[in-house]
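Student: Have a look at this one.
The values are calculated or read from the model by the stated rules, or taken from the named source; none is laboratory data. On a predicted model such as this, the values are computed, not experimentally measured, just so you know. For neighbour counting, all protein chains shown are included, and Cβ atoms are generated from backbone atoms with ideal geometry for every residue, glycine included. Keep in mind that these areas ignore ligands, DNA and RNA; they rest on the heavy atoms of the full protein, side chains included. Shrake-Rupley method; radii C 1.70, N 1.55, O 1.52, S 1.80 Å.
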Amino acid sequence: MYKRNKPYILHEEPGTKRYCACGKTKTAPYCDESHRCTDIYPIETYIEIPKTVAICGCGKSKNLPYCDGSHECSKPI
Ligand code: FES
């Protein structure tokens, strides 16, 4: 999942969301339980109202699961 150099732009409906934190999921950016053999757990968050979110795809955000623009720092100049 963290091989992208850009976020996943998603329209989310209200409810609990589980985003991958281990990078092994095959249903990115959502957790598919691939972390089971690691000591890493998904990032769980509750969305209260329908909204568009930018979920980090590079793994460098300091505000996971959300993109904070850190992926811009890894682009070639
Ligand atoms: S995609 Fe990771 S900070 Fe934007």
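Student: Can you pull out the residues in region 9-20 that are open to solvent by 30 Å² or more (accessible area, probe 1.4 Å) and either within 16 Å of Cys67 (Cα to Cα) or assigned to a strand (DSSP E or B) (or both)?
Tutor: Initial filter on region 9-20 (open to solvent by 30 Å² or more (accessible area, probe 1.4 Å)): 9-11, 13-14, 16-18.
If the condition is that a residue be open to solvent by 30 Å² or more (accessible area, probe 1.4 Å) and either within 16 Å of Cys67 (Cα to Cα) or assigned to a strand (DSSP E or B) (or both), then Ile9, Leu10, His11, Thr16, Lys17, Arg18 are the ones that fit.
Student: So which residues in region 40-55 are among the hydrophobic types (A, V, I, L, M, F, W, C) and either at pLDDT below 95 or open to solvent by 90 Å² or more (accessible area, probe 1.4 Å) (or both)? Give the derivation first.
Tutor: Filtering region 40-55 down to residues among the hydrophobic types (A, V, I, L, M, F, W, C) leaves 40, 43, 47, 49, 53-55.
Result: Ile40, Ile49.
Student: Let me ask something else about it. Can you tell me which residues in region 21-39 are open to solvent by 30 Å² or more (accessible area, probe 1.4 Å) and farther than 16 Å from Tyr66 by Cα?
Tutor: The answer is Lys24, Lys26, Thr27, Asp32, Glu33, Ser34, Arg36, Cys37, Thr38, Asp39.
Student: Please go through (1) of a type outside the set (S, T, N, Q); (2) in contact with a helix residue (DSSP H, G or I) (Cβ under 6 Å, 6 or more places away or on another chain); (3) open to solvent by 80 Å² or more (accessible area, probe 1.4 Å) for Cys73 and return the number of the only condition it doesn't satisfy.
Tutor: Result: Cys73 fails condition (2) only.
Student: Can you pull out the residues in region 32-60 that are within 16 Å of the ligand (Cβ to nearest atom) and out of contact with any strand residue (DSSP E or B) (no Cβ under 9 Å at 6 or more places or on another chain)?
Tutor: Cys58, Gly59, Lys60
Student: From the list Ser61, Ser34, which residue is among the small types (Gly, Ala, Ser) and more than 13 Å from the chain's Cα centre (by Cα)? Spell out the reasoning first.
Tutor: Numbers: Ser61 fails: more than 13 Å from the chain's Cα centre (by Cα).
Only one candidate qualifies: Ser34.
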